[in-house]
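Report on the following structure.
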């Protein structure tokens with residue numbers, strides 16, 4: 001009985017130690033939030049987005065004037081039984097987030113459209129948004145056919161200034177990726 005209680009005690013202590021290590025002080029990274037494909041006029045658009053939290057390294061670099069480049073990627077394919085999957089759509093969009101120290105605001109550049117935000121949390125919410133991004137034309141898709149859709153978002157370290165690129169590729173603190181979020185769609 002004594003050995004059994006020691007074992008339970010050790011398991012409990014180990015469990016608490018692992019829980020303490022696993023709990024970060026602040027959640028960081030890129031996490032998907034309810035992403036779906038919706039019909040709009042002549043296109044299908046994405047709805048939902050990602051929750052983006054910068055780590056300390058990226059946040060400090062941003063506030064010191066370094067532009068952080070985010071890439072959003074979408075792919076759609078039609079699986080086939082006896083052949084390779086047919087590619088339907090392969091689309092990317094680039095978002096550049098910077099800080100204007102003079103105006104004390106964050107600037108988001110999306111395909112030449114600029115938007116200013118007073119706080120970092122507002123800017124990151126806009127960076128993670130996929131709302132109304134037209135990704136595939138309706139005429140490309142057939143009814144009653146299964147498709148595989150995938151979307152991801154990542155920070156592009158190759159767009160950092162040259163002196164930072166060396167440390168960015170050597171350290172994972174500069175790299176953030178949501179991984180591919182995949183789902184089946186039938187129209």
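Couple of notes before you dig in:
- Inter-label distance, nm, simple model (7 Å from Cα along the C-beta direction), residue 125/residue 64: 2.9
- Nitroxide proxy distance, nm - points 7 Å out along Cα→Cβ at residue 71 and residue 91: 1.8
- Counting 0.36 nm for each residue step from residue 154 to residue 138 and taking away their Cα separation leaves a gain of 3.1 nm.
- Extended-chain gain in nm, criterion 0.36 nm per residue less alpha-carbon gap, residue 109 and residue 82: 5.4 nm
Bear in mind these aren't lab numbers, they're just calculated from the coordinates by the rules spelled out. As the structure is a computational prediction, the values presented were derived from the model and not from experiment. Methodologically, a virtual Cβ is constructed for each residue, glycine included, from the backbone with ideal geometry; neighbour enumeration extends over all protein chains shown.
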